[in-house]
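Inspection log for the structure reproduced underneath, given as structure tokens.
Taken together, the values in this text are just the output of simple stated rules run on the coordinates, not laboratory data. If you're wondering where the values come from, they're calculated on a predicted model, not measured in any experiment. Cβ coordinates were reconstructed from backbone atoms using ideal geometry, including for glycine residues, and neighbour counts include every protein chain displayed.
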Ligand code: ADP
Ligand code: MG
């Protein structure tokens, strides 16, 4: 057992646990004592108006932002305010928590295959052969087996995003974070990316998805968190929250979305 892990049994404890988390940028309080959890295998959609703190929350989960106060434990790694994270912890975190952004962030000067094998080789220490094997399997899985040798500029936005998902999966993550993965796509390309995400959800991946795709959230997410001004305003089973919103703010938000 790895002594860096707080939880001896990851399946018995939340994949992500956050309590009274605050995050400020200068004077601006973005996360204001937000609390919640993500269970292993759970798919949670995070919704809310622009600027309410969705991306910041996700970035805290991946330690792209450091929280100012509160408790945060991600896959057994303690990211609470004041805790000291070793370089080894950080590597472990970034291997175990994959992130997919709105902008695909593929390396333009590398082929698709090289984009996929870079981190597994550098971070996980896989041989070139092992990394390529895994990468090809994952490219097939996202329906892009044919595209291994092309450069990102040859791909559509939907294909680039599926490559970005495959790239994250090459690290064999325990948790996948998605920050508006379809927001930059032309409408006709959204479906293929959502389908890839749905397949991943059905395989039992733990997923936190910031999205404005309410139909997708309703069908694929187990639970929805509605954020307002850096706090959870309403949460519950996806259909319950989306079909029978309790708060005026959520009702207003959903009516703007439809
Ligand atoms: P959302 O993803 O819900 O639209 P964000 O989490 O991106 O919201 O941002 C929440 C607030 O924090 C916004 O007011 C935004 O301008 C601010 N913010 C986000 N990142 C930074 C940063 N690095 N520096 C300063 N302000 C930031
Ligand atoms: Mg955002």
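Against the definition (out of contact with any helix residue (DSSP H, G or I) (no Cβ under 7 Å at 6 or more places or on another chain) and either crowded, with 18+ Cβ neighbours inside 10 Å or closer than 30 Å to residue 13 by Cα (or both)), how does residue 119 come out, yes or no? Yes, satisfied.
Among the conditions (1) in contact (Cβ under 8 Å) with a residue 12 or more places away in the chain; (2) over 20 Å from the mean Cα position of the chain (by Cα); (3) more than 26 Å from residue 218 (Cβ to Cβ), residue 83 misses just one, which is (1). Of the numbered criteria (1) on the phi > 0 side of the Ramachandran plot; (2) away from ligand 1 (no atom under 16 Å from the Cβ); (3) under 16 Å from the mean Cα position of the chain (by Cα), the one residue 53 fails is (2). For beta carbons closer than 8 Å, sequence separation of 6+ or different chains, a first residue in region 132-152 that is exposed (fewer than 13 other Cβ atoms within 10 Å of the Cβ) and a second that is assigned to a loop (DSSP other than H, G, I, E, B), the qualifying pairs are 149/111. Pick from region 37-62 the residues that are within 13 Å of ligand 2 (Cβ to nearest atom) and closer than 20 Å to residue 242 by Cα: which of them is surrounded by the fewest Cβ atoms within 10 Å (Cβ to Cβ)? My answer is 50. Taking residue 70, is it over 15 Å from residue 175 (Cα atoms), crowded, with 16+ Cβ neighbours inside 10 Å, more than 16 Å from ligand 2 (Cβ to nearest atom) and without any contact (Cβ under 8 Å) to a residue 60 or more places away in the chain? It is true that residue 70 is over 15 Å from residue 175 (Cα atoms), crowded, with 16+ Cβ neighbours inside 10 Å, more than 16 Å from ligand 2 (Cβ to nearest atom) and without any contact (Cβ under 8 Å) to a residue 60 or more places away in the chain. The residue that is farthest from ligand 1 (Cβ to nearest atom), among those in region 174-185 that are surrounded by fewer than 21 Cβ atoms within 10 Å (Cβ to Cβ) and closer than 18 Å to residue 46 by Cβ, is 184. Taken over region 210-258, residues that are within 24 Å of residue 70 (Cβ to Cβ) and exposed (fewer than 14 other Cβ atoms within 10 Å of the Cβ) amount to 1.
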